[in-house]
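Working notes for the structure below.
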Amino acid sequence: MRRRPHLSAALAVAGLLIGGSSSRAQEELPGPLADVGFDQRLGEQIPLDLHFTDENGQTVALGGYFGQRPVVLALVYYECPMLCSMVLNGMTTSLRALKFKPGSEFEVVVVSFDPSETPDLARTAKQTYLERYDRPDAENGWHFLTGNEQAIQTLTRSVGFRYIYLPEEDQFAHAAGILALTPEGRIARYFYGVEYAPRDVRLGLIEAADNQIGSMVDQVLLYCFHYDPTTGRYSAVAMNIVRLAAVVTIALLAVFLLRQWRRERRHLHTAKA
């Protein structure tokens, strides 16, 4: 069935609203959209023994992408007329702004939740977004998967991703967002909507990796910004910023006093000579 452009736009707007809404707000949505959204399951383990098909038509275990690095997970369908492209575009734009490299500091796993989609569609999507990412040697860190109904439902339920199929329109209604998972496959962070602040994604990956990646500057940022699960973003912690500013001020004052003391000692030594 031909998909209606006006309905696609309406579903895209609904997906954006659902992506960051609370459970109570989701329950108040009209009709079938009440069954669409994210149920946060921070800290829970996803099933790594599931099998999917990669963009080359090879059967792969989901756990093969875990074990060493944190993973950015996107749940989309490749023939989505609007919202999924916005999600993948936003994810790609955010990852381009990071110095972290896929396949080195993290992995990207994109899974279609439409069981009718094929590896050919996954391969085309991978080519499209690798071109947009435009980083050398990124291919091995980006993975686009398809799967059967059972594997898809098991995965989506494990991360709290709720969606529905609208047969009369041949479309899915779904929320918008991406996730950061630990190398062990535990859910670390949700990022809602279609635009993801690079700072938030970077800090999410660092925390998902248990601080095994990132710099001292990142550690300072993590002290000053804490993840807010209700918004899927990192917010400034005023008290920590004040404390850090106080420590920096004391350190600068100590350096100044030390330099003054050394200067006075040199003057005294010169005078005695």
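Every number in this text was worked out from the coordinates using simple rules, so none of it is lab data. On a predicted model such as this, the values are computed, not experimentally measured, just so you know. All Cβ positions, even for glycine, are placed from backbone atoms using ideal geometry, and neighbour counts span all protein chains on display.
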statement: Calc'd 3J(HN,Hα), the range 88-104, phi into Karplus 6.51 cos²θ - 1.76 cosθ + 1.60 (θ = phi - 60°), Hz, glycine/Pro = x, comes to 5, 5, x, 4, 5, 4, 5, 5, 4, 7, 8, 7, 4, 10, x, x, 10
query: What length, rounded to one decimal in nm, is gained on full extension from residue 56 through to residue 195, with 0.36 nm per residue of separation minus their alpha-carbon distance?
result: 47.2 nm
task: Report, as a whole number in µm² per second, the diffusion coefficient that Stokes-Einstein gives for the range 129-173 at 10 °C and 1.306 mPa s using the Kirkwood radius over alpha carbon pairs.
output: 119
Separation of the residue 210 and residue 135 label points, Cα + 7 Å toward Cβ, nm: 2.3
task: May I ask you to order 171-180, 42-51 by the average number of other C-beta atoms within 10 Å around their residues, highest value first?
output: 171-180, 42-51
R0 of 41 Å, Cβ-Cβ distance residue 228-residue 123: FRET efficiency to nearest 0.05: 0.65
message: Starting from the 7 Å offset along Cα-to-Cβ, what nm value, one decimal, do you get for the label separation of residue 220 and residue 154?
response: 4.6
- line: For the residue 170, residue 44 Cβ pair and Förster radius 41 Å, calculated FRET efficiency rounded to 0.05 is 0.80
Cβ-based charge dipole, the range 166-237, positive-most Cα from 175, 206, 194: 206
